[in-house]
Amino acid sequence: MPPSSLPTLPNLDDKLYPQSWQNQIVATPTELLIAMICGQIDIDADDFAKRLLANKTYQDWVNFTVFGSYIQRSFAAFYQQTEDSFNQDLPAIFYRELKRHAQYLPLNQTLFFAGNLPKTTRQNKLLFTTLNPATAILDAQNLSQAATPVIINQIKVTGKTVAAFAVRHNKRTRERLKSQVLILDFQQLRLVKEDIIDADLTYCLNTYDIK
């Protein structure tokens with residue numbers, strides 16, 4: 001699919017922020033993440049998911065395509081099974097199908113993911129992220145298994161050709177807390193900053209630019 005054929009998603013952060021949380025005003029996703037890490041605001045993935053689902057721009061993101069979490073889960077499962085010759089071509093099939101329904105992320109959009117950057121990300125141009133900072137924190141804590149620092153990553157979109165697919169989760173299950181955005185293609189992913197945050201645990205917040 002030629003790049004010019006992909007539409008660009010509307011800017012979501014501009015519509016989500018500023019937000020009022022527990023008598024505090026947060027202006028950006030990063031401010032909310034850090035306030036949660038530092039214990040100034042409860043780490044409440046469900047509250048954020050409800051706000052997200054009530055946002056019209058987010059509904060535009062997830063309702064762009066008829067596909068939902070099924071194809072994303074299927075792709076993820078098959079992607080881990082490349083050693084099986086029967087399944088070897090299936091990741092590519094799912095990838096092409098997802099790419100057909102992808103859109104470009106808007107400039108300055110912020111996304112999160114937990115733990116170390118997968119080694120194959122830059123080669124495969126594939127990364128699972130979340131819009132939900134609380135989900136990123138909880139996932140990072142689970143991945144750390146009590147080891148420190150707890151690694152959380154934020155991605156800032158700095159280019160106009162980052163193709164992605166916003167997953168439409170089941171609103172009636174805890175799956176909605178994932179608030180996933182699957183990045184499917186990009187030109188460059190660069191680590192630009194590392195911050196150590198000492199709170200109840202020690203956190204490492206990595207900031208990446210993607211274009």
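Backbone N atoms of segment 106-122 closer than 19 Å to the 7 Å Cα→Cβ label point of Thr161 belong to residues 106-109, 122. Going by neighbour counts of Cβ atoms within 10 Å, the residues Asp13, Asp200 line up, fewest first, as Asp200, Asp13.
Label segment 86-161 by shape, choosing from rounded, prolate and oblate, from the square roots a ≥ b ≥ c of the eigenvalues of the Cα gyration tensor; if a/c is under 1.5 it is rounded, and otherwise prolate applies when a/b is larger than b/c, oblate when it is not. Cα axes put segment 86-161 in the oblate bin. As an exercise, identify the trypsin sites (Lys or Arg not before Pro) in segment 100-156 lying in DSSP coil whose Cβ has no more than 14 other Cβ atoms within 10 Å. Answer by residue number: Lys119. Summarising the label geometry, the points placed 7 Å from Cα in the beta-carbon direction at Gln40 and Thr148 lie 2.0 nm from one another. Structure note, pairs Lys99/Lys193; Lys125/Lys156; Lys15/Lys193; Lys119/Lys193; Lys15/Lys99; Lys15/Lys125: Cα-Cα distances above 22 angstrom occur for Lys99/Lys193; Lys15/Lys193; Lys15/Lys99; Lys15/Lys125. Each Lys or Arg adds one and each Asp or Glu subtracts one; over the other residues with Cβ under 12 Å from the Cβ of Cys204, this totals -2.
Within the set of other residues whose C-beta is less than 14 Å from the C-beta of Gly159, count the net charge using Lys and Arg as +1 and Asp and Glu as -1. Summing Lys and Arg as +1 and Asp and Glu as -1 gives +3.
Taken together, the values in this text are just the output of simple stated rules run on the coordinates, not laboratory data. Treat the numbers as computed from the prediction; the structure is a model and nothing was measured. Note that each Cβ is placed from the backbone with ideal geometry, even for glycine, and that neighbours are counted across all protein chains shown.
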